[in-house]
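So the structure is just underneath, and the comments pick up after that.
What follows is calculated from the coordinates using simple rules that are stated; it is not laboratory data. From a predicted model like this one, the values you see are computed outputs, not experimental measurements. Cβ: placed from backbone, ideal geometry, glycine included. Neighbour counts: every protein chain shown.
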Amino acid sequence: AQTVTQSQPEMSVQEAETVTLSCTYDTSESDYYLFWYKQPPSRQMILVIRQEAYKQQNATENRFSVNFQKAAKSFSLKISDSQLGDAAMYFCAVGGNKLVFGAGTILRVKS
Amino acid sequence: GAVVSQHPSWVICKSGTSVKIECRSLDFQATTMFWYRQFPKQSLMLMATSNEGSKATYEQGVEKDKFLINHASLTLSTLTVTSAHPEDSSFYICSARAGGKSNQPQHFGDGTRLSIL
């Protein structure tokens, strides 16, 4: 069984600043993958970044980067130079063949 | 690339009717498609996994006779909510994954808001 925990129901960040969203997980699988998805008010799920658990190097995608700590089962998302368009619900997801999603973190960006 | 189209985006129907939701991968072949349900301000709950040409695998607690899933081709999966009742009202989202490898991300449709009166 897998569990994904996002302990921050809501976060706020000032435009152009940096924010980190936390995610911890538990899994019995040896081969699994981790993802961050963004869901704006339109409710479409948009892939932000992905990480393969067997890779030690943290994934980066432009202003988005992760801090993957496999031993601690932690997978946080850092958003640099926050923009108004980053405001959304962010879901952490972990899994092998199928994904388990966390409860989500609402990110608000202040201008 | 990796566009998934879901139709309809919003449907309102009377209690007792059946509703079909389509999920299409437009520019890739989806070996595996997933159906989720999302309640307001909550996370996605996986309902079932469907592989092309085979029966869907349902998650525990999901009634397979109520939520019929068909994955007849590599680009189309359908979810039919049979004899829908108000408690079936929800936001349903499909996703599609190219290839059989789990490291491939799931690409999501825009979702279907289902309201049963």
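When a/c reaches 1.5 or more, the comparison of a/b and b/c decides; with that in mind, is region B:19-68 rounded, prolate or oblate per its Cα gyration tensor? Cα axes put region B:19-68 in the oblate bin. Here the Kirkwood formula puts the hydrodynamic radius of the protein assembly as shown at 18.2 Å, using every distinct Cα pair. Using Cβ point charges alone (K and R +1, D and E -1), the dipole size of region B:9-114 about the Cα centre works out to roughly 60 debye. A simple rule links phi to the HN-Hα coupling: the Karplus curve 6.51 cos²θ - 1.76 cosθ + 1.60 with θ = phi - 60°, which for region A:2-10 gives 10, 10, 10, 10, 10, 7, 10, x, 8 Hz, with x for Gly and Pro.
Using a 10 angstrom cutoff on alpha carbons, build the Gaussian network for chain B and name the most mobile of B:HIS71, B:HIS107, B:HIS85. Taking springs between Cα atoms under 10 Å, the residue moving most is B:HIS85. Residues whose amide H comes within less than 5 Å of that of A:SER12, counting only those at least five positions distant or on another chain, are A:ARG108 (H built at 1.01 Å from N in the peptide plane).
Name the residue from B:ALA84, B:PRO105, B:SER115 whose Cα lies farthest towards the positive end of the charge dipole of region B:16-117, charges +1 on Cβ of Lys and Arg and -1 on Cβ of Asp and Glu. Going by the charge dipole, the pick is B:PRO105. Using a simple spin-label model with pseudo-atoms 7 Å out from Cα toward Cβ, B:HIS7 and B:LYS20 lie 1.2 nm apart. Under a 5 Å amide H cut-off, with hydrogens placed 1.01 Å from N, B:THR17 pairs with B:ALA84 among residues at least 5 apart or on other chains.
One way to sum up the overall shape of region A:1-56 is the equivalent ellipsoid from its Cα gyration tensor, whose semi-axes run 24, 14, 13 Å, largest first. Per-residue 3J(HN,Hα) values for region B:28-38, derived from phi via the Karplus relation 6.51 cos²θ - 1.76 cosθ + 1.60 with θ = phi - 60°, read 7, 8, 9, 5, 10, 10, 10, 10, 10, 10, 9 Hz in sequence order (x marks Gly and Pro).
When the scattering of chain B is computed by the Debye formula from its Cα atoms alone, each counted once and equally, what is log10 I(q)/I(0) at q = 0.14 Å⁻¹? Cα-only, vacuum Debye calculation for chain B: -0.52. A DSSP coil position with no more than 14 other Cβ atoms inside 10 Å describes the following chymotrypsin sites (Phe, Trp or Tyr not before Pro) in region A:1-67: A:TYR54.
Once backbone amide H atoms are built at 1.01 Å from N, A:VAL66 has A:ALA59, A:LYS78 as its partners under 5 Å, excluding neighbours fewer than 5 places away on the same chain. Report the residue, chosen from A:ALA72, A:ALA59, A:ALA87, that carries the largest GNM mean-square fluctuation when chain A is represented by alpha-carbon nodes joined by springs under 10 Å. Result: A:ALA72 has the largest fluctuation of those listed.
What is the distance in Å between the Cα centroid of region A:31-70 and that of region B:64-108? Cα centres, region A:31-70 to region B:64-108: 23 Å. Per residue, the Cα convex hull of chain A amounts to 92 Å³. With contacts taken as Cα pairs under 8 Å at a separation of at least 6 residues, chain A carries a relative contact order of 39 percent. With the simple spin-label model, which puts each label point 7 Å out from Cα in the Cβ direction, the A:ASP26 to B:LEU117 separation comes to 4.6 nm. Modelled this way, with points 7 Å down the Cα-to-C-beta line, the labels at A:ALA1 and B:LYS55 are 2.5 nm from one another. Taken over region B:62-105, the convex hull of the Cα atoms encloses 102 Å³ per residue.
Taking Cβ separations below 4.7 Å as the criterion for a possible disulfide partner, the isolated cysteines in chain B are B:CYS13.
Within the straight-line cut-off of under 24 Å between alpha carbons, the lysines reachable from A:LYS73 are A:LYS38, A:LYS55, A:LYS98, B:LYS101, sequence neighbours fewer than 8 places apart in one chain being disregarded.
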